[in-house]
Amino acid sequence: MMNIVFAIIAAVTIAAAVAAMSLRNLVHCALALTVAFAGLAAAYLQLGAEFVGFTQLLVYVGAVAILVVFAILLTRGSEPQQSLVSSGWLAGGLVTIAVLGVLVYAIAKSSVVHRAAPAQPDVTVLQIGEALMNKFVLPLEVVGLLLTAALIGAVIIAMKEEGRK
Amino acid sequence: MPDDLDQIFVTLNHLIRDLFPEPWQKVVSAVISIAGIIGVFASLFAVTTVFERKGLGRIQNRYGPNRVGPCGFLQPAADGIKALIKEDLVPRAADKVIHFLAPLMVVIPAFLVYAVLPIGRNMVLTDFDAGVLFFFAIGAATELSVFMAGWSSRNKYSLLGAMRAIAQMISYEIPLILSTVTVIMIVGSLSTTKIVDAQAGFHSIGLPNWFVFTPWGFAGFVLFMIAATAETNRSPFDLPEGESEIIAGYYIEYSGFKFALFFLGEYMGLFAISGLGITLFLGGWHAPLAILEFVPSWMWFFAKLLVLIFGFIWIRGTLPRLRMDQLMNFAWKFMLPMALINIISAAVWHFMLPERAPWERWLVGIALLVGPYLLLGRGLMEGKKLEKRTYRFAE
Amino acid sequence: MLGEGILKGMAVTAKNFLGSYVSDERLTTIQYPEERQPLQEAVRQFPFLVFDGNDSMAGLRCVACQICEKECPPKCIYIEKSKDKKPDYIGKPQLYPATFDIDLSVCMSCQICVEVCPFDAIKMDTEFELSTSDRFGGLLVNKTQLAKSNQHYRKIHPTEADEVDGRLAAEKAKAEAKAKADAEAKAKAVAEAKAKAAAAAAPAVTPTATK
């Protein structure tokens, strides 16, 4: 039963990712990418990671997708649609197949596949919170600093443009 | 007997569920609950449209709709039929797929979020461990649908309206979530049922244990409600849809049933966010006084919901529309600092234990909130001449 | 303080809302079509022809002078004179309109026809609920439909009707007095002529008797 669910989620995610690469219209690509994000969130939920799944939805679908869409609209929305396939498609295709072959061989040959899956820990949000505040507090603060720097940088860039005008 | 009435829907659900064989029972139970939720809240939507129009009418010295049905209460049926039989125009240059999907993407998240609202005792559809996070995550999908609606119409004004709407929704999402963080912090869990359970019981003086009766809870509730009004694009924050009257909002190119779906989605979002406000601050399905506990829990939930809806209608009838820059100023310069200070105030309240400092707690809590409120308020009103207008007539 | 104005505004709206259930001044809507607003006297809608007495055709005041037809700005009146004459309210034989059509869909209720009519024959009615489903001829009214009695005129415009009736009655009295004076003068003249004729005939018979 779980395998069927996972197969469906994986199929949807991969189809959305392929669509995000191959659609003509740029905004359609962005929306297909959003579907791929949602597929990932579904995969997290299927694995039982509630917090991560919902956070993925909140952050990626709710914020990153909108950011991508805004970026497209404010910069390239009026550009004519480009051709689907670039000129070096043969070389690119060969390299991709080679990399895929190497990866599949390596994963199949490794011991990870044969190891029994460990018992799924029942991770509650409380435990995540406690871990974040006790064991991982330094990475949390560093990430917070990084985000603050990004925010201030964005404000400064936007302000500077206004000043120039 | 009161317990029976309280659990009547649960009993009905079990009755129907037991008619089915064992492996189907979970699915059937879920389907029945879902059907119940959709049915109840969709009819609440219909009733709310009439109440709103009649209420606004009375506020504005006129009757509301009073021709269709007794006192106009069949008006939603007339509106529904009108929306269904109108021609569905899709502009020739519009992006057909996205144009079609946008109303669906408004309605589906709006209905999905009801899954975590506890409507009565034992009456929550799914008890996620991260229920509140689920609510906000699904609610964030609504913003994307606003953009889809605005962009797919290939109309510059529609796109502008959509951009403004998204900017408004993103700006107000932060105070919304920050004001719920205080509740989550105090309760220690993201699960809606646990939050409601934490508000059970009554104080010594008869006040219920709801969070709204604490200084930080009251401030949080006010912030939450203001942010909720902005999130659902309701007056006075209805610039995205009010602009339809002037130039174009993001659903100007929609007609007939798709338009009706947008309105359905908006009102469903309103009920859902009010429901979350009730769950977080107003004690969910708990009764306000100990002697009134015989009234079923779901009745209390809907009574509180109706009070909040009436509050929304009242505000809509009172306030003029906010301009875009006023809106943004308010969100970033007032509500965000207040929400952050609210978190500090809640933490201070939590650590000043009631046994050791009963009234100092209140003093510190109120002072911590009222001070910044006055200062920030003065900061907002600075530079604007807000006296009563005087006129000088030509001689 | 921030928010003070909002609370005051909410108090005002609450007062409005609750007051609309109790007092009339907060809810002044008139539920048309069950209730009608009382109209003022000088209201005007579309013209009608006045007739005196009971017979609508015989008492029609209009003498087909065609002044209103010529003065009407959108030219919505169409008159055809009759071939014979009939007596008017004074008794003088006058022409009458054989056809008198007004196209109400063209009429703009400017009242110029009323102002220029020398005979007080056409006045403004107050009826406005005239909608019909016949798009092309439904609002074309003819003489029979236009003729309404003086009683109707008195009812809809009492003071105007009083003034018109007074004026017409005065003119009628003047005409009658003149006619009576004429008749008396004529009778006197006839009697004098007869006396003169008698006196002229009598002296030939007895010229010496009077001496």
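The values are calculated or read from the model by the stated rules, or taken from the named source; none is laboratory data. Treat the numbers as computed from the prediction; the structure is a model and nothing was measured. A quick note on method: Cβ atoms are made from the backbone with ideal geometry, for glycine too, and the neighbour counts reach across all protein chains shown.
Among all residue pairs at least 6 apart or on different chains, which show Cβ distances below 8 Å where the first residue, located in the stretch B:299-326, is within 12 Å of chain C (Cβ to nearest Cβ) and the second is among the aliphatic types (A, V, I, L, M) and surrounded by fewer than 16 Cβ atoms within 10 Å (Cβ to Cβ)?
Hits for this filter: B:TRP314/C:ALA14; B:THR318/C:ILE6; B:THR318/C:VAL12; B:LEU319/C:ILE6.
Considering each residue of the stretch A:109-141, count those that are among the hydrophobic types (A, V, I, L, M, F, W, C) and loosely packed, with under 10 Cβ neighbours inside 10 Å, and give that number.
Residues of the stretch A:109-141 among the hydrophobic types (A, V, I, L, M, F, W, C): A:112-113, A:116-117, A:119, A:123, A:125-126, A:128, A:131-133, A:136-138, A:140.
Filter once more, keeping what is loosely packed, with under 10 Cβ neighbours inside 10 Å: A:112-113, A:116-117, A:119, A:138.
Going through the stretch A:109-141 one residue at a time, the tally reaches 6.
Here is a list of conditions, (1) surrounded by 19 or more Cβ atoms within 10 Å (Cβ to Cβ); (2) of a type in the set (Gly, Ala, Ser); (3) assigned to a loop (DSSP other than H, G, I, E, B), and B:GLY317 meets all of them except one; can you say which number that is?
Every listed condition holds for B:GLY317 apart from (3).
This table checks each residue for (1) assigned to a loop (DSSP other than H, G, I, E, B); (2) more than 9 Å from chain A (Cβ to nearest Cβ); (3) in contact with a His (Cβ under 9 Å, 6 or more places away or on another chain); (4) surrounded by fewer than 24 Cβ atoms within 10 Å (Cβ to Cβ).
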| site | (1), (2), (3), (4) |
| --- | --- |
| B:PHE134 | no, no, no, no |
| B:ALA141 | no, no, no, yes |
| B:MET148 | no, no, yes, no |
| B:TRP151 | no, no, no, no |
| B:LEU159 | no, no, no, yes |
| B:ARG164 | no, yes, no, yes |
| B:GLN168 | no, yes, no, no |
| B:SER171 | no, yes, no, yes |
| B:ILE174 | no, yes, no, yes |
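Taking the stated definitions as given, is B:ILE366 in a helix (DSSP H, G or I), more than 14 Å from every other protein chain (Cβ to nearest Cβ) and within 19 Å of B:TYR172 (Cβ to Cβ)?
no
Could you please give the count of residues in the stretch C:157-206 that are touching a Phe, Trp or Tyr at 6+ places or on another chain (Cβ under 7 Å) and among the basic types (Lys, Arg)?
Here the count works out to 1.
From the list C:GLN111, C:GLN94, C:GLN66, pick out the single residue that is in contact with a Lys or Arg (Cβ under 7 Å, 6 or more places away or on another chain), at pLDDT 90 or above and not charged (D, E, K, R).
On the way: C:GLN94 fails: at pLDDT 90 or above; C:GLN66 fails: in contact with a Lys or Arg (Cβ under 7 Å, 6 or more places away or on another chain).
Just a single option satisfies the conditions, and that option is C:GLN111.
Quick check: anything in the stretch B:370-389 in contact (Cβ under 8 Å) with a residue 60 or more places away in the chain, crowded, with 16+ Cβ neighbours inside 10 Å and touching a Lys or Arg at 6+ places or on another chain (Cβ under 8 Å)?
There is no residue in the stretch B:370-389 that is in contact (Cβ under 8 Å) with a residue 60 or more places away in the chain, crowded, with 16+ Cβ neighbours inside 10 Å and touching a Lys or Arg at 6+ places or on another chain (Cβ under 8 Å).
Conditions first: (1) at pLDDT below 85; (2) within 25 Å of C:LEU139 (Cα to Cα); (3) more than 18 Å from the chain's Cα centre (by Cα). C:MET57 passes all but one, so which condition is the exception?
(3)
Only one of (1) more than 10 Å from chain A (Cβ to nearest Cβ); (2) in contact (Cβ under 8 Å) with a residue 24 or more places away in the chain is not met by B:LYS82, so which one is it?
That leaves (2) as the condition not met.
One residue is enough: does the stretch B:248-266 have a residue meeting the conditions closer than 16 Å to B:LEU306 by Cα, in a helix (DSSP H, G or I), modelled with pLDDT of 85 or more and out of contact with any Gly (no Cβ under 6 Å at 6 or more places or on another chain)?
No, because not a single residue in the stretch B:248-266 is closer than 16 Å to B:LEU306 by Cα, in a helix (DSSP H, G or I), modelled with pLDDT of 85 or more and out of contact with any Gly (no Cβ under 6 Å at 6 or more places or on another chain).
Read through the list (1) more than 11 Å from B:LYS258 (Cα to Cα); (2) within 14 Å of another protein chain (Cβ to nearest Cβ), then give the number of the only condition that B:PHE73 fails.
(2)
Might you check whether a residue that is in contact (Cβ under 8 Å) with a residue 60 or more places away in the chain and surrounded by 12 or more Cβ atoms within 10 Å (Cβ to Cβ) occurs anywhere in the stretch B:357-365?
Yes, some residue in the stretch B:357-365 is in contact (Cβ under 8 Å) with a residue 60 or more places away in the chain and surrounded by 12 or more Cβ atoms within 10 Å (Cβ to Cβ).
Consider C:ARG26 against the criteria (1) in contact with a Gly (Cβ under 7 Å, 6 or more places away or on another chain); (2) more than 14 Å from every other protein chain (Cβ to nearest Cβ); (3) farther than 30 Å from C:LYS174 by Cα: it satisfies all of them except one. Which criterion is unmet?
Among (1) in contact with a Gly (Cβ under 7 Å, 6 or more places away or on another chain); (2) more than 14 Å from every other protein chain (Cβ to nearest Cβ); (3) farther than 30 Å from C:LYS174 by Cα, the lone unmet condition for C:ARG26 is (2).
Looking at C:GLU80, C:GLU34, C:GLU71, C:GLU41, which is the one that is more than 14 Å from chain B (Cβ to nearest Cβ) and exposed (fewer than 11 other Cβ atoms within 10 Å of the Cβ)? Even if it seems obvious, please write down each step before you answer.
On the way: C:GLU80 fails: exposed (fewer than 11 other Cβ atoms within 10 Å of the Cβ); C:GLU34 fails: more than 14 Å from chain B (Cβ to nearest Cβ); C:GLU71 fails: exposed (fewer than 11 other Cβ atoms within 10 Å of the Cβ).
C:GLU41 is the lone residue from the list that is more than 14 Å from chain B (Cβ to nearest Cβ) and exposed (fewer than 11 other Cβ atoms within 10 Å of the Cβ).
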